[in-house]
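Written below as structure tokens is the structure these notes are about.
The values are calculated or read from the model by the stated rules, or taken from the named source; none is laboratory data. Here the structure is a predicted model, which is why all the values come from computation and not from measurement. Here the Cβ positions follow ideal geometry from the backbone for every residue, glycine too, while neighbour counts run over all protein chains shown. Areas reflect the complete protein model, heavy atoms only, side chains present, ligands, DNA and RNA absent. Shrake-Rupley method; radii C 1.70, N 1.55, O 1.52, S 1.80 Å.
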Amino acid sequence: MKAKEIEWKDISVLPLSANVFPPGKPYKAQMMLGKAFPISKAQTMELVKKGCSMAEMNSEDVCIIERLLEKYHMTGEYRYVGDKRHVKLINQMNLDKALKLEYDF
């Protein structure tokens, strides 16, 4: 389903999985768990190289992902996980492409 089709039980103002870690701070363990969103070229290259995907996402996470995808004329496809309070991105390849375009590698 598309982001606009998600029926949220809770609207979040803080991300659950799209957390940012400043460059130079330890982020690799969180990234491997799908709990870190890259904000530098090095973080992005590591995320794509290791094939990491975002873990369960709340409404704020989806907003962050969608802003990036829309910038490059892509859309996310999601599915509910757990008790339908969270979703998972199922077309991670689009996010990887958008990140590569964003950080030019």
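Roughly how tilted is helix 41-50, in degrees to the nearest 10 and between 0 and 90, from the longest Cα axis of the chain?
Value to nearest ten degrees: 70.
Between the helical axis of 92-103 and the dominant principal axis of the chain, each derived from Cα atoms, what acute angle in degrees is found, rounded to the nearest 10?
Value to nearest ten degrees: 40.
In nanometres, what is the gap between the two model label sites at Leu33 and Asp104, each 7 Å from Cα along Cα-to-Cβ?
For Leu33 paired with Asp104, the spin-label model returns 3.4 nm.
Would you mind computing the Rg to Rh ratio of the chain from its alpha-carbon coordinates, Kirkwood style for Rh?
Value, to two decimals: 0.94.
Summarise the accessible area of the range 9-105 (1.4 Å probe, protein heavy atoms) by the percent that is carbon and sulfur.
Ligands and nucleic acids excluded, carbon and sulfur give 59 percent.
Averaged per residue, what accessible surface does the range 1-90 expose to a 1.4 Å probe, in Å²?
In whole numbers, the range 1-90 has 58 Å² accessible per residue.
As I understand it, the value is the acute angle between the Cα axis of helix 59-71 and the longest principal axis of the Cα atoms of the chain; what does it come to in degrees, rounded to 10?
60
How much mean residue ellipticity at 222 nm does the chain get from its helices, if each DSSP H run of length 4 or more adds -39500 (n - 2.57) and you divide by all residues, to the nearest 500 deg cm²/dmol?
Result for the chain, helices only: -11000 deg cm²/dmol.
For the cross-link pairs Lys4/Lys49; Lys25/Lys50; Lys41/Lys88; Lys9/Lys97; Lys35/Lys100; Lys25/Lys84, which exceed 27 Å when the distance is taken from alpha carbon to alpha carbon?
With Cα atoms farther than 27 Å apart: Lys4/Lys49; Lys9/Lys97; Lys25/Lys84.
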